């Protein structure tokens, strides 16, 4: 009896397993067949209205939308591509959505169908007929507000001077999920240079308005720079918003809700004044607005052959595009190398802002205490209506070491100069056909000795370079000192000596372009410049470790020591 019960249970279990397998097998075979559908949220439209069109590709991984027939008589905009994994008929199935906004151009009946490319073949979706009727209500009457969505128009400065920049920004505030938002009409202004912030740089933030939370989205941000005086009007525009469920959504409500609204932007006016000619200083670089200047000298004491870095940051609500240098004329006692490191302009706190960074290398030409006078940057202050001067403080640099120019001047007076003098040229009758030159013996011996020493030195250098496995002794001595050193600044000074020893250039007294040109091989030059940048960053942030610097220098040493 017990054996029959056990057998019955086994048979029932096997039956259940077979049934489940057959059920899922049939559903899998059903789900394996791809499906392609086209949906439009409203098939009855009027002129100037819009609808959401979706092409849905189910169970077709890798499928692509090839074309949509009949959409040519609509203005369309692609707003989203999304792929999800859904459970369909008991199977995990990939579903891909292509979403468009369509707006009819003319009244009439139109048939729309999607064409899908999948596994090398073309498939067709279902056809949807859209009926577009004429608009009898008037276009402007359709621009109705939706509670929870509104637009904001910002002009950072309405009264500016020629050369001064202002910002025109359009924003959307929404308590709904925003699918797409854009200006219907292109924005253009004559007598202005207009630069639009790229789409991917526009910001989306959270804002609280009258106690309610909104999403604040930038639709368009434009930097405007006038080139001539006058009064200019910025007409109102139409800001189109396509939205989805309210935020936060209600899980018990329908989540596929969507709609659209057109919002009229605010009209603005700009008054542009001319810059006064009287009092305009020499060297004016069209800096309009009050700049803030941060300047820093890297050192107060250097050796001759090294350099002092002057880092200058100019920022503020001012135009900096025309500012291309800080030091206009020569600086007595120094050779000057100027480079622009960074320039950015941005919209923050509802106003225009710009920042420009310069790096200036000052290479002293002589020893002693060299005074640097204050450096002045002329600008025009719109608040006072006058030209002003921003000051970069001066300083005194103490330069030590041997002055090469002084050594050249004392060479003639402090040491004897050996010369080879030809006393007489004699033409002897017994040596016809030969040119005879008579030279004193002491001069001849001195010349021969100099020639012999030169030949010995040349041969020694040649054999030393050709001999395999030989280290540059001077280079190796410097490298051993680097390994023993524990301070980053001292390591950097020794590293500078190493590069001088090998390539004859001071990385502390040269700009980046000079270093790149003087070091053979782009890879080696990049490695050396990486060390320079790390040390400079360490002076500002202190984030570089001694082992990290030594590790980089070790790789550089191996390369330059083994190079021919």
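Going by the alpha-carbon gyration tensor, a ≥ b ≥ c the square roots of its eigenvalues, is segment 473-562 rounded (a/c under 1.5) or, if a/c is not under 1.5, prolate (a/b greater than b/c) versus oblate?
Values: a/c = 1.63, a/b = 1.11, b/c = 1.46.
Because a/c hits 1.5 or more and a/b fails to exceed b/c, segment 473-562 counts as oblate.
Determine the shape class of segment 153-303: with a ≥ b ≥ c the square roots of the Cα gyration tensor eigenvalues, call it rounded for a/c under 1.5, and otherwise prolate if a/b is greater than b/c, oblate otherwise. Don't jump to the answer; show the numbers that get you there.
On the way: a/c = 3.35, a/b = 1.71, b/c = 1.95.
Oblate, since a/c reaches 1.5 and b/c is not below a/b.
Please say if segment 35-133 is rounded, prolate or oblate, where rounded means a/c under 1.5 for a ≥ b ≥ c the square roots of the C-alpha gyration tensor eigenvalues, and otherwise the choice is prolate for a/b larger than b/c and oblate otherwise? Before the final figure, lay out the partial values.
Details: a/c = 2.34, a/b = 1.96, b/c = 1.20.
Prolate.
Cβ neighbours within 10 Å, averaged per peptide: list 165-174, 89-98 in order, most packed at the top.
Working: 165-174: 21.8, 89-98: 16.0.
By packing density, highest mean first, the sequence is 165-174, 89-98.
Report, please, the projected area of segment 292-400 averaged over directions, based on the convex hull of its C-alpha atoms, in nm². Don't skip to the end; give the middle numbers.
On the way: hull surface 28.9 nm².
Its average projected convex-hull area is 7.2 nm².
Label residue 205 and residue 355 with points 7 Å out from Cα along Cα→Cβ: what is the distance between them in nm?
1.6
Could you give the length gained on full extension between residue 269 and residue 290, defined as 0.36 nm per residue of separation minus the Cα-Cα distance, in nm? Could you put the intermediate results ahead of the total?
Working: separation 21, 0.36 × 21 = 7.56 nm, distance 2.32 nm.
Length gained, residue 269 through residue 290: 5.2 nm.
With a 10 Å radius around each residue's Cβ, average the other Cβ atoms per peptide and rank 102-114, 49-61, highest first. Walk me through the intermediate numbers first.
Values: 102-114: 16.6, 49-61: 19.5.
Final packing ranking: 49-61, 102-114.
Throughout, read-outs are computed from the coordinates displayed, never taken from laboratory work. These figures come from a predicted structure and were not determined experimentally. As a convention, Cβ positions derive from the backbone with ideal geometry for all residues, glycine included, and neighbour counts pool all protein chains shown.
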